[in-house]
Each structure stands twice: as C-alpha cells, then as structure tokens.
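The next block holds one structure in the form of structure tokens; read it before the comments.
The values are calculated or read from the model by the stated rules, or taken from the named source; none is laboratory data. Only a predicted model underlies this, so the values are computations on that prediction, with no experimental measurement involved. Virtual Cβ from ideal backbone geometry, glycine too; neighbours counted across all protein chains shown.
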Amino acid sequence: MTAKKVPINFENYIPMKNRKLLSQITLLFSLIIPSLGFSQSFENPDFKALNDNKWKVRDVSFVVGVDLDIYDKISMDYIKEYAITDKFFDIDLSNASEEVYQEVVGGMLSFNLTFSQPYKNRKVSQEFRVGMEATLGREAMVEFYDNANEDYLRYTYCTMQNVYSLNASYQFRFSTYNSKFSLYTGIGGKIGTTSNNQILLIASEGNTQYAAGDYYTKAKNAQFYKAYIPIGFDFALSKRIMFNTEFRYGFGYEKVNSGKDYFINESCVFQFGLRYNLFRYY
C-alpha cells in the first residue's frame, strides 16, 4: 500500500509576522519593476531612436557671425577688376598716396542641418553638416590721400558685395550621453557667388565727406571657394536647445567674372547661435 503524497505548503512554515512582511515586499516589487520600465521609456521619448544606428537629421541651427578674409593686399587693381566701366577712375591720383588694406569683412547669417548617428553612451560621434550662408555687406576698400594739399583730399574706393554660399562639413563631436557640454572639430568647405555687386566712391575734403559723381556704379560678380577647419563648443540650455559658438580657419580662392583670380591667404569666421536637437541626446 503506497502512501498518499500531500503537497507541502511552505507558508505553514513561515511565521505570521514574516508572512505579512514577505507579501508587502512582493507587492512593492510588483509596483516598482513596471514603473522602472515605464520611466525608462518616457524619460527620453526618443529612447528607441537612440539605439538605431541609421544616419538621421539630428538638429537644426541658426547662427550669426563675422566673416573675415585676408589677402596679400587690396589694391586699386583689385577694385578695377570689378569695374564694368571706367566711371570713377578718371580722377588724377598721380600725386596721392595709396593706403593699402588686407582685410575684407562682412556680416554672416547661416542656417544648417546636422546629420549623425545617435550616440548614446558614445564619447566620440561623427556628424555631417550642410547649410546655407549669406555674407552681407562684404567690403573691400582702398584709399588715396594727398597730405600736401591744404584741403586734405581723400578718395575711398569700395566694392560692396553680398555672397550667398552652400556649406558642408564633416565633424567629430566629443561628448557623453546626458552631458551639457560638447566640443567638435573636423573639415569643411563652401562655394559661393555674389549678386548685384557695386563699386562705391567717397571723397573727403578736410572733415567733410561727399559723394563723388553718382556715388555708386554696378560691378561684376564673382565666385568664392573656401576650405576650413571648424572648432566649436556647445552648451545645453535645455534638453533640446543648445547654445553654439564656432571658429573657422582656412583659406580660399576668388574668381572675378571675366577678370582675374585671387588667392585668399586666410579665411576666418566667428559665429554664435542656437541649435535645436530633434532627439534629446543630452
């Protein structure tokens, strides 16, 4: 005759006091574990996207800045290369001294899109940035003055340009996930063209300035080709909005339509603005 097996109830071996404590602990874990998964998925709504290694548009940015080009010198020959007619160039400057400049400066506006692979838990990420830029009020200048004349005559010739460019750069960003700071550098280039160029002539006699002739005349357009190294810094203002500042250093090449070509020894840009992250990487 076989003995009948009786199932063992382990609760009979747990004291009543400990049994209540065990049930409370079980209830606590049953509440905490689902909430952990819930909070993980909603702490960052793009959590799944961060695990996707596909290249995506990561952010958009708008920046303003200063665009500086440095030549060997800006001479009268440079100004004349842009001239369509001989207007403004019939003034006798044989007894005048020429003041030579090297710098050409303009204000800059830029709108950019940045593509990258999501870099959760990556200290170094790769980016590809494309954008449109406008350099406004770009002005090259040369001056002639006659100190021997008692009226102190001075003539200032300027080329006035707006340059519209397409820009692209490949960058490496150094940061950590949830970091508020990041640095980046890389290599980039841009190609641009001008429109509605003008030559301006201002005459000064003593302390008085007046327009010489019709003041403005139309000028030739030109194309610009530049290569540069960007060095940038970002600081998080919120989970999606970043403050950005960037310095670029490089060189360039200028081609005047139906005219000469000029090498730009140094091309520098300092810009700052805001970036909006489409994914909350920081």
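Remarks
- Candidate set: the stretch 77-121, residues that are of a type outside the set (Phe, Trp, Tyr), free of Cβ contacts under 8 Å to residues at least 12 places away in the same chain and in a loop (DSSP other than H, G, I, E, B); chosen: the one nearest to residue 199 (Cα to Cα): 86
- Some residue of the stretch 268-276 being at pLDDT below 95 and in a strand (DSSP E or B): yes
- Subset of the stretch 236-257 that is among the basic types (Lys, Arg) and within 19 Å of residue 106 (Cα to Cα) - its residue that is surrounded by the fewest Cβ atoms within 10 Å (Cβ to Cβ): 255
- In the stretch 74-99, the residues that are surrounded by fewer than 12 Cβ atoms within 10 Å (Cβ to Cβ) and within 30 Å of residue 227 (Cβ to Cβ): 77
- Residue in the stretch 38-55 that is surrounded by 10 or more Cβ atoms within 10 Å (Cβ to Cβ) and at pLDDT 75 or above present: yes
- Annotation note: of 232, 259, the sole residue that is within 17 Å of residue 190 (Cβ to Cβ) and not aliphatic (A, V, I, L, M) is 232.
- Answer from 136, 68 - the residue that is in contact with a Cys (Cβ under 7 Å, 6 or more places away or on another chain) and within 20 Å of residue 226 (Cα to Cα): 68
- Qualifying residue in the stretch 216-235 (condition: farther than 30 Å from residue 277 by Cα, surrounded by fewer than 15 Cβ atoms within 10 Å (Cβ to Cβ) and either at pLDDT 90 or above or of a type outside the set (Phe, Trp, Tyr) (or both)): yes
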